[in-house]
Amino acid sequence: MITQIFSAALFGIEGKLITVEASVVSGLSHFTVVGLPDARIQEARDRVRSAIKQSGFPFPYNFRITINLAPSGVPKEGTGFDLPIALAILHKQLQFKIPEDDAFIGELALDGTLRPVRGIISAARSAYNAGKRTLFVPAGANAEEVCLLPGITVYPVTDLAACAAHLCGTKMIEAQKKQQSPSTAQTDLVDISEIHGNEFAKRALLIAAAGKHHCLLSGPPGVGKTMLAKSFVGLLPEPSQVELLEISEAQSLVGRSVVNERPFRAPHHSAKSSAMLGRWVGRQFRPGELTLAHNGVLFLDELPEFDRDVLEQLRQPLESKTINLARAENSITIPANFILIAAQNPCPCGFTGDSRRECRCTLQQKRLYAKKLSGPLLDRIPIHCEVNQADELYFRANKNLETTTTLREKIVAARRFNANRNKDAQSYLSKEAETLAKNAAHTLKLSARGFMQLISVSQTIADLEQSETISALCISEALQYRNTT
C-alpha cells in the first residue's frame, strides 16, 4: 500500500505543493529518498529514524522504505519534509486517517520535537492555493505566521508523538487561535517632537509620508538627519492586515518570525548588490534589504558613500516597486514597495553651508562628490530637503511641539481624502496652478517624470489641506522640494 501525505516547500520566493509518497514493504532493511532531494533532505533519514524511536514508536527495520517527493522532476530543498516523511512511515503501523485537505510541514529534532522552518508563509500559501485548508506546522512562530493567512485552520505541533496522537484521535491538538490586531508601537524609534528646529524638514517628511514620496535630506553632520529619518516610520499609518501579511512573508524568507509593525531598514553604505537586491543560495532565494523594507522605510545614510553600482540598481525598484531577477533556470519578481529616505552631506567634509564651521573642500572635490549621485537616480526622488543646524535658543523657546501621533492622524486623514478623489490629478489643477507648473517645468527644465512628480507632491499638499483643488500655493510649496542642480 502506498501512503500519500501532502506538504509544501519553498522554491525561490514562492511555495509549491509536494506529495510525499511512502512505500513500506517487507524486505531487506533499506531507507531511501528519491525525487531530486538535496543533502538536507537526504539527512532527513537519520533525523526521522531517531525521532520515531524517541517518540516511542518502533522503527520498521526489517522493511524496505522508499520515499518519493513528487513531482519528481522538481529539485527539492529544505528540512520541512521531515514531519510528513515520518508520518508516512508510521501510517502503516498506526493506520490513522489522513484527510485530503491536510498538509504537514516541519523539521524534526532527534528527540521528535518540531523546529520552525524558513519561508513558512509562502509554503502555506501554496498549499492553500492547491486546496489544502488544514495545516500542521511547528508550534510557536511558524503557527503564528500561518495564522495570518485567512481561511486556513492551523494546528501547532510540538512533537511527532502529539501529531500522531491527533491523527489517531486519542489526543486532539487545539487549533491555533488567530491573533488580535497587533499593536504597532515602536519603542525604539524617535518621536518627532524630540527634534527641535528644522520645521521645513519636518514638513517635507509629513508630505512624504502622506503621499508615499521618496525624500533626500541634505545637511552638515550633526544637524539631525538620522533622527528625522528614524522618526519617519512612526508617521506612517498602521499597516493593514494585507500589508502585515506581505511584511511577515518577506521576513519569513530569512527565518524571522511574524512582525507587527512596518519595517525600518538601514543598511550600512558598505552593503553590496547582493545584500541590497537579494541573492541565490543554491536554488533558494534570500531577499535583500529592498524586499525586507517592503511596506516600510529604507533609510540610506551617507548616500554618496554607497557603491555607484548599488545606487544605480535602485532606479528600477524606486519606480516599479518590484525587483526583477533572472537566472538560467527561471526569473522571479520580488516585492520592494518601500519609501526611500536618504541622507547626505553637502560636500566631502560636510560643512558647506554650515554657519559654525568652514568648508575646506576644493571646487573639484565638491564636483566629484556631487557626481557620485547620477541624474536619473536623483530624478526619481521627488522631495529634496535641506536640513540646517537649529539655534540653541530654539531648544528653550519651543516646548509644545507636535508629536508623531498628532502628525500621523493628519497623514491618515490625507490618505483617506486622497482615496476618495479622482485619480486624474491634473483635472483638479486650478488655472493659476497649471500655468505656474508649466512655467516652472520650462524654467527648471524638468523631465516628464519630474513634472508629474511636481503635480503628485502638489496633490499631496492639497490632500493635507483637505482641498479638492490643487492651488498655485500647493505648486509653489512643491517647487521648494525640487532638485535644481
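Determine whether Thr32 is touching a strand residue (DSSP E or B) at 6+ places or on another chain (Cβ under 7 Å), farther than 28 Å from Ile334 by Cβ, surrounded by fewer than 19 Cβ atoms within 10 Å (Cβ to Cβ) and not assigned by TED's automatic domain parsing to the domain that holds Gly255. Talk me through it step by step, then tell me what you get.
On the way: touching a strand residue (DSSP E or B) at 6+ places or on another chain (Cβ under 7 Å): yes; farther than 28 Å from Ile334 by Cβ: yes; surrounded by fewer than 19 Cβ atoms within 10 Å (Cβ to Cβ): yes; not assigned by TED's automatic domain parsing to the domain that holds Gly255: yes.
Yes.
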Exercise. If you go through segment 72-91 one residue at a time, how many are surrounded by fewer than 22 Cβ atoms within 10 Å (Cβ to Cβ), out of contact with any Ser or Thr (no Cβ under 7 Å at 6 or more places or on another chain) and more than 17 Å from Glu43 (Cα to Cα)?
Worked result: 3
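Taking segment 35-71 as the search range and keeping residues that are of a type in the set (Lys, Arg) and in contact (Cβ under 8 Å) with a residue 12 or more places away in the chain, which one is surrounded by the fewest Cβ atoms within 10 Å (Cβ to Cβ)? Give the steps one after another, and end with the answer.
First, the residues of segment 35-71 that are of a type in the set (Lys, Arg): 40, 45, 47, 49, 53, 64.
From what's left, in contact (Cβ under 8 Å) with a residue 12 or more places away in the chain: 40, 45, 47, 49, 64.
Values: Arg40: 17, Arg45: 17, Arg47: 20, Arg49: 17, Arg64: 15.
Among those residues, the one meeting the criterion is Arg64.
For segment 179-202: of the residues being of a type in the set (D, E, K, R) and at pLDDT 80 or above, which is surrounded by the most Cβ atoms within 10 Å (Cβ to Cβ)?
So the first thing to find is which residues in segment 179-202 are of a type in the set (D, E, K, R), and the list is 188, 191, 194, 199, 202.
Imposing the further condition that a residue be at pLDDT 80 or above reduces the set to 191, 194, 199, 202.
Numbers: Asp191: 16, Glu194: 13, Glu199: 14, Lys202: 23.
Out of the qualifying residues, it is Lys202.
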Problem set entry | Among (1) out of contact with any strand residue (DSSP E or B) (no Cβ under 8 Å at 6 or more places or on another chain); (2) over 20 Å from Gly296 (Cβ atoms); (3) not β-branched (Val, Ile, Thr), the one test that Met227 misses | (2)
For this session: Test Arg308 against the stated conditions and say whether it is closer than 22 Å to Glu145 by Cβ, surrounded by fewer than 22 Cβ atoms within 10 Å (Cβ to Cβ) and basic (Lys, Arg).
Result: no
Problem set entry | Within segment 74-188, strands (runs of 3 or more DSSP E) holding 1 or more residues that are farther than 21 Å from Lys16 by Cβ and not assigned by TED's automatic domain parsing to the domain that holds Leu236 | 153-157
Exercise. Counting just the residues of segment 331-383 that are surrounded by 18 or more Cβ atoms within 10 Å (Cβ to Cβ), modelled with pLDDT of 90 or more and touching a Gly at 6+ places or on another chain (Cβ under 7 Å), which one comes out nearest to Ser122 (Cα to Cα)?
Worked result: Phe338
Exercise. Taking strands (runs of 3 or more DSSP E) that do not extend beyond segment 236-343, which have at least 2 residues that are within 13 Å of the chain's Cα centre (by Cα)?
Worked result: 284-287, 297-300, 322-326, 331-335
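Restricting to segment 457-469, count the residues that are hydroxyl-bearing (Ser, Thr, Tyr) and modelled with pLDDT under 95.
Step one: list which residues in segment 457-469 are hydroxyl-bearing (Ser, Thr, Tyr), which gives 458, 460, 467, 469.
When the remaining residues are screened for being modelled with pLDDT under 95, the result is 467, 469.
Of the residues in that region, 2 qualify.
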For this session: Return yes or no: is Phe285 of a type in the set (Phe, Trp, Tyr), surrounded by 15 or more Cβ atoms within 10 Å (Cβ to Cβ) and in contact with a His (Cβ under 7 Å, 6 or more places away or on another chain)?
Result: no
Exercise. Does segment 13-29 hold any residues that are farther than 21 Å from Leu110 by Cα and either buried (at least 21 other Cβ atoms within 10 Å of the Cβ) or more than 37 Å from the chain's Cα centre (by Cα) (or both), and which are they?
Worked result: Ile13, Gly15, Ile18, Ser23, Val24, Val25, Ser26, Gly27, Leu28
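The values are calculated or read from the model by the stated rules, or taken from the named source; none is laboratory data. Quick caveat: nothing in here was measured; it's all calculated off a predicted structure. Note that we place each Cβ from the backbone using ideal geometry, even for glycine, and neighbour counts take in every protein chain shown.
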